[in-house]
Amino acid sequence: MHIKSAKFVKGIVEPDDLLEEGIPQIALIGRSNVGKSSVINSVTGQKNLARTSSFPGRTREVNLFLINNKYYLVDLPGYGFAQGSEKQSIRLRNLINWYLFDSPYKQKVIVLIIDANVGPTKNDLAMLGDLEDAEKNIIVVANKVDKIRKSDYKKQMQKILEFAGSHKVIPYSSEKNVGIGALKEEIFRK
Ligand code: GTP
Ligand code: MG
């Protein structure tokens, strides 16, 4: 799918009529700072569409980006972020859980982003389990492959494939433009 338009529509923290209109939602979830917002920018080819930061905890709402008037890319806050106030991290966790598991909204697909260099963490495993229990349609994106030492690449990918089980894994780098075509094909297909 060629991207003709991509625009930020709204950040929500509670049920919103916009999501009642039946536009398919493609949600990105992952640890804080793993690069969810960067993946949105790279996949849409717009450098500053979603706000990114080198500090974890940048995205604090459920941010809706309308693509070709046809899909919402949904940028979520990250999990597993230990810094900052406890109140804030509980608020973010509740917001993620509400949108993914307790809201009336169904996602066409959920893109679970992990850090390819760090490898899957306990929190990633817990999130994958929750998504599977909720019978979500899941794709795993291994972002930041540019950071993996060449000699570690095979071993690292093997770990990620084991983690992902039956779900598709896309090696990705928002920074170096790796995997964009493959991800677009997966998320925007009918
Ligand atoms: P929160 O909103 O805080 O949960 O973070 P996020 O997951 O949206 O991460 P964000 O996109 O803000 O990126 C976090 C940091 O990782 C930024 O400094 C990005 O420049 C960097 N980053 C993102 N993708 C890549 C990548 O593919 N390679 C490298 N080397 N850095 C990346
Ligand atoms: Mg973000």
> Taking the range 15-32 as the search range and keeping residues that are part of a loop (DSSP other than H, G, I, E, B) and without any contact (Cβ under 8 Å) to a residue 60 or more places away in the chain, which one is nearest to ligand 2 (Cβ to nearest atom)?
Replying inline: Ser32
>> Cβ-Cβ distance below 6 Å, separation of 6 or more or different chains: which pairs start in the range 34-48 with a residue that is in contact (Cβ under 8 Å) with a residue 60 or more places away in the chain and within 16 Å of Thr59 (Cβ to Cβ) and end on one that is near ligand 1 (Cβ under 6 Å from one of its atoms) and among the hydroxyl-bearing types (Ser, Thr, Tyr)?
In response: Gly35/Ser174; Ser38/Thr52; Ser38/Ser174; Val39/Ser174; Ser42/Ser174
> Which one of the conditions (1) of a type in the set (Phe, Trp, Tyr); (2) at pLDDT 95 or above; (3) within 11 Å of ligand 1 (Cβ to nearest atom) does Phe8 fail to meet, given that it meets all the rest?
Replying inline: (3)
> Quick check, is Asn48 assigned to a loop (DSSP other than H, G, I, E, B), over 12 Å from the mean Cα position of the chain (by Cα) and more than 13 Å from ligand 1 (Cβ to nearest atom)?
Replying inline: no
> In the range 90-132, how many are crowded, with 19+ Cβ neighbours inside 10 Å and among the small types (Gly, Ala, Ser)?
Replying inline: 1
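Residue-wise test of (1) modelled with pLDDT of 95 or more; (2) under 14 Å from the mean Cα position of the chain (by Cα); (3) more than 24 Å from Gly11 (Cα to Cα).
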{"site": "Leu76", "(1), (2), (3)": "yes, yes, no"}
{"site": "Asp115", "(1), (2), (3)": "yes, yes, yes"}
{"site": "Lys122", "(1), (2), (3)": "yes, no, yes"}
{"site": "Met127", "(1), (2), (3)": "yes, yes, no"}
{"site": "Leu131", "(1), (2), (3)": "yes, yes, no"}
{"site": "Lys136", "(1), (2), (3)": "yes, yes, no"}
{"site": "Asp146", "(1), (2), (3)": "yes, no, yes"}
{"site": "Asp152", "(1), (2), (3)": "yes, no, yes"}
> Does the range 70-82 hold any residues that are out of contact with any Gly (no Cβ under 7 Å at 6 or more places or on another chain), under 17 Å from Lys122 (Cα atoms) and either within 7 Å of ligand 1 (Cβ to nearest atom) or not aromatic (Phe, Trp, Tyr) (or both), and which are they?
Replying inline: Gly80, Ala82
> Quick one: which of Glu186, Glu175 is surrounded by 13 or more Cβ atoms within 10 Å (Cβ to Cβ), touching a residue at least 40 places away in the same chain (Cβ under 8 Å), assigned to a helix (DSSP H, G or I) and touching a Lys or Arg at 6+ places or on another chain (Cβ under 9 Å)?
Replying inline: Glu186
> When the residues of the range 141-163 are filtered to those that are away from ligand 1 (no atom under 14 Å from the Cβ) and among the hydrophobic types (A, V, I, L, M, F, W, C), which remaining residue is nearest to Lys36 (Cα to Cα)?
Replying inline: Ile160
> Here are some residues: Ile67, Ile96. Which one is touching a residue at least 60 places away in the same chain (Cβ under 8 Å), touching a Pro at 6+ places or on another chain (Cβ under 7 Å) and more than 21 Å from Lys159 (Cβ to Cβ)?
Replying inline: Ile96
> On the given criteria, is Leu49 within 12 Å of ligand 2 (Cβ to nearest atom) and closer than 20 Å to Pro171 by Cβ?
Replying inline: no
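The values are calculated or read from the model by the stated rules, or taken from the named source; none is laboratory data. Fair warning: this is a prediction, and the values are worked out from it, not measured in the lab. No Cβ is skipped: glycine too gets one built from the backbone with ideal geometry, and neighbour counts run over all protein chains shown.
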